[in-house]
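The values are calculated or read from the model by the stated rules, or taken from the named source; none is laboratory data. Remember, predicted model here, so these are calculated numbers, not experimental data. Backbone-built Cβ (ideal geometry, glycine too); neighbour counts: all protein chains shown.
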Amino acid sequence: MANMANIEDKLKILPALPGCYLMKNKDQEIIYVGKAKKLKNRVRQYFMGAHDFKTQRLVANIDDFEFIVTGSEKEALLLEINLIKKHTPPYNIMFMDDKTYPYIKLTKEKAPMLKVVRNTKDRKAEYFGPFPDSGAAWDTMRLLNQLYPLRKCARLQKKECLYYHIHQCLGPCVHDISDVVYQQMAMQIRKFLKGDVKDIVLQLQNEMTEASEQMQFEKAKEKHDLIQAIEHVTARQQIDFQDRKDRDVFGCYVDKGYISIQGFFLRGGKMLERTLHVTPLYEQEEEAFLSFILQYYGQHPLPQEILLPQFYDVSVLMETLDTKILQPLRGDKLKLVEMVIENAKNAHQQKFELAQRKDQRKIEAMKQLCEVFHKEIHRVEIFDNSHISGAFNVSGMVVYKDGEPSKQDYRLYKLGSYISDLDSMKEVVYRRYTRLLKEKGRFPDLLIVDGGWLQIEAAKEILEALELDITLCGLVKDDQHRTSNLMDANGTLLKVDRSSSLFFLLTQMQDEVHRFAITYHRKLRSKAMTKSILDDVEGIGEVRKKEIWKHFKSMKRLKAATVDEIAEIVPKAVAQNIYEVLHNPNQNDFDAYDKM
C-alpha cells in the first residue's frame, strides 16, 4: 500500500450508505470488488486490525480504491455481480469459470423439438436438469425421442426424412399436425423428466406382451430394451422427496483461508447431481456464499425452491431471486441442508491440501521469477508463432497474471506473407505493442518469446524502436525440444532448476501458448482445405455449386467435361468460366479441392 496517504483521505469521506467498492493495485487494475450495507464501516475494516494470510495478500496489493453508492443493499448486490463479470478481479470468488451443466431444452415452436444445451437464456423454451454430465443428458434425450415422435430436424425439410419412416417423427414438414397432439406429448415428456414414468412403462409392458403373443419377438425385445432404458435413466436416488418439486440446496464450509461451496440439485424430488467449488477466501464468508449463489443463477434457471443454511442473512437474495427461498429449522429439509454442509466439509478436507499445494506452488513460482529478474512481476505475456512451409502464418499470445492464465486477455494474430520466423516475431510484437501504446493499455512486466537468442533479438529490435522498457527473455529448448532454461535480453543463460515451481510454471506457459497458436493454425488450414476452387469462379454461388456437385459427383469428372456438358447445369457463360479456371495451367492439385 504505497499510496496510504491517499487511501486515508478517501476513508474519511466514505458515506454510511449501501454500495460497492473497487480495490485497485499500483497499475490501477481492479483486483477486488465488494458490496456493503455501510461503505464507511466495511471498507475501513481492510486497513485496520489483523487479517489472516490470504486477506493480507489482498490488502498488500491495494494502492487505491473507488466506491459507488446505491439505493439499497439489493442494488449493491446486483451491481457487485455485474462488476465482477465485467472486471473478473483475481481476488473475488468467481463462478463464471466453473463447470456449466447440461440441460434438456423443449422448444415451444409449432413443431417442438428436444435439444441438449448449456445455455438456458431462451425464455421461450422449457428446461429440464441440470444433468450429471452430457452423457446422461444425451442418453435421456435419445430415449425420449424414441418414445415421443417430436421433430428431429433443425429446419423443416421439403419431404419426410428417415425419422418419419422409422416412426420417430410425425413429419410436420409435409403433414399438418394438430397442436393438441404436440401439447399431449410435451405433457408426457414433462411427467417423464419429473420421474413419473408409471404410465409409459405400463404401456410398453402391454405392448411387449402383445408382441410376444403374436410371436413378434424382435418388436417385443425393442419394448423390453426401452423399459430397461427408462429404469436406467430414472433410477431411484438415496434422496427422494414425495412432493416431486425441483429444488436446489446449497451449503458451505470454511477453513484455513479457503471456502468450499456444495450444491445438491433435486429434480422431480430426486437428486440428479452435486457440485463443489473450492476457492481461496479473501472476503467475509457470508458475502462469498451469497455472491456465488447469485452468480450461479445468472447462468441457470431458477428451481421451484432453494434451501439455504439458517445462519446466513439471505434477505437480499429473497428480494433479488424470483423464487421461494427457505432456511429450514426442522424435518427432512433441514437434514438435507445439514447433509450438504457435511459434504462440503468432507470434500474440503479432501481437496484442501491439493488446492493449498497448487496455490503455494504458484506463489513460489512467481517469487522465483521475480528473483531471477530482480523486479516485481505480476503480468507475463508470451508469444508463439505457427506455420507450415510458410503457409497459414499465425501467432498466439497468452497472458498470465500472478501465475494464473488470464484467458480474456489472450490474442490471436493472422500474420502477413511468411518471410522468416524472425520477421513473424517482429510483426506480432510490433502489432501488439503499437496497439497498447495507442490504447494506453496495460503493458506486461515480462515478455517471453518461445525461442532462443535470434527470437529475442527480433523482439528486442521492435521494443527499442518503440522505446518500450519491457523486460524480455526467451524460453530455450534442449536437443529434445523440451523447455530447458531462460535467456535474458543480453543473451545470458539463466539456469532454472528442473524440480522448481518456476520450471513447472514456465513449461505450463509454453505448452499453453503453443496449444493456443497451433489450434488457430489448424483452424485456418482446415477452413482452406474445404474451400472449393469453384469459389473463385465468377457466377457461381452456393446453389449452383451444389447443383454441379450433384451432377458431376467429383472434380475429376467435372474437369473432364466439355463446356457444353457443363452448360447443361449452368448458363453457357458461367460454364465457360468454369472450364477456363479448371484448365488454367497454373492450377494444380485438383484433388485437394474435391469438396465443392
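If you check F250, F265 for being at pLDDT 90 or above and within 27 Å of the chain's Cα centre (by Cα), only one passes: F250. Filtered by the rule that a residue be in a loop (DSSP other than H, G, I, E, B) and either free of Cβ contacts under 8 Å to residues at least 12 places away in the same chain or farther than 10 Å from R247 by Cβ (or both), the stretch 304-325 gives L308, P309, Q310, F311, Y312, D313, V314, L321, D322. Evaluate the following for E342: is it within 19 Å of G129 (Cβ to Cβ), among the charged types (D, E, K, R) and touching a strand residue (DSSP E or B) at 6+ places or on another chain (Cβ under 9 Å)? For E342, the condition - within 19 Å of G129 (Cβ to Cβ), among the charged types (D, E, K, R) and touching a strand residue (DSSP E or B) at 6+ places or on another chain (Cβ under 9 Å) - is not met.
Exactly one residue out of G452, G416 is touching a residue at least 12 places away in the same chain (Cβ under 8 Å) and buried (at least 17 other Cβ atoms within 10 Å of the Cβ): that is G452.
What is the number of the single condition among (1) without any contact (Cβ under 8 Å) to a residue 12 or more places away in the chain; (2) part of a helix (DSSP H, G or I); (3) closer than 22 Å to T492 by Cα that D469 does not meet? Going through the list (1) without any contact (Cβ under 8 Å) to a residue 12 or more places away in the chain; (2) part of a helix (DSSP H, G or I); (3) closer than 22 Å to T492 by Cα, D469 breaks only (2).
Condition (residue is surrounded by fewer than 18 Cβ atoms within 10 Å (Cβ to Cβ), free of Cβ contacts under 8 Å to residues at least 24 places away in the same chain and not basic (K, R)) applied to the stretch 286-302: is it met by at least one residue? Scanning the stretch 286-302 turns up at least one residue that is surrounded by fewer than 18 Cβ atoms within 10 Å (Cβ to Cβ), free of Cβ contacts under 8 Å to residues at least 24 places away in the same chain and not basic (K, R).
Pairing each residue of the stretch 419-444 that is touching a residue at least 12 places away in the same chain (Cβ under 8 Å) with any residue that is surrounded by 16 or more Cβ atoms within 10 Å (Cβ to Cβ) and acidic (D, E), provided the two are 6+ apart or on different chains, yields C-beta distances under 7 Å for R442/E29; P444/E381.
Please find, within the stretch 207-236, the residue that is modelled with the highest pLDDT out of those that are polar (S, T, N, Q) and either more than 23 Å from A136 (Cβ to Cβ) or assigned to a helix (DSSP H, G or I) (or both).
Top of the filtered list is T209.
Listed by position, the helices (runs of 4 or more DSSP H) inside the stretch 67-177 whose residues that are polar (S, T, N, Q) and closer than 25 Å to K219 by Cβ number at least 3 are 134-147. Checking the stated criteria, L276 turns out not to satisfy the condition of being under 23 Å from I81 (Cα atoms) and at pLDDT 80 or above.
Scanning the stretch 495-519 for residues that are crowded, with 18+ Cβ neighbours inside 10 Å and more than 21 Å from L472 (Cβ to Cβ) yields a single hit, S501. Restricting attention to the stretch 358-397, the residues that are touching a strand residue (DSSP E or B) at 6+ places or on another chain (Cβ under 9 Å) and closer than 18 Å to P89 by Cα add up to 6. Looking across the stretch 564-578, the residues that are farther than 18 Å from E542 by Cβ and part of a helix (DSSP H, G or I) come down to D564, E565, K572, A573, Q576. The set of residues from the stretch 11-52 being touching a Cys at 6+ places or on another chain (Cβ under 7 Å) and modelled with pLDDT of 90 or more comprises just one member, V33. When Y182, Y164 are screened for being closer than 29 Å to R244 by Cα and buried (at least 16 other Cβ atoms within 10 Å of the Cβ), only Y182 passes.
Residues in the stretch 427-466 that are within 18 Å of R411 (Cβ to Cβ) and part of a loop (DSSP other than H, G, I, E, B): K440, G441, R442, F443, P444, D445, D450, L466.
Could you please find all residues in the stretch 186-213 being touching a residue at least 60 places away in the same chain (Cβ under 8 Å) and either among the acidic types (D, E) or out of contact with any helix residue (DSSP H, G or I) (no Cβ under 7 Å at 6 or more places or on another chain) (or both)?
Selection gives A186, R190, L193, K194, G195, D196.
Counting residues in the stretch 344-360 that are within 24 Å of the chain's Cα centre (by Cα) and under 26 Å from S424 (Cβ atoms) gives zero. Against the numbered list (1) surrounded by fewer than 15 Cβ atoms within 10 Å (Cβ to Cβ); (2) touching a strand residue (DSSP E or B) at 6+ places or on another chain (Cβ under 7 Å); (3) under 22 Å from K367 (Cα atoms), T492 comes up short only at (2).
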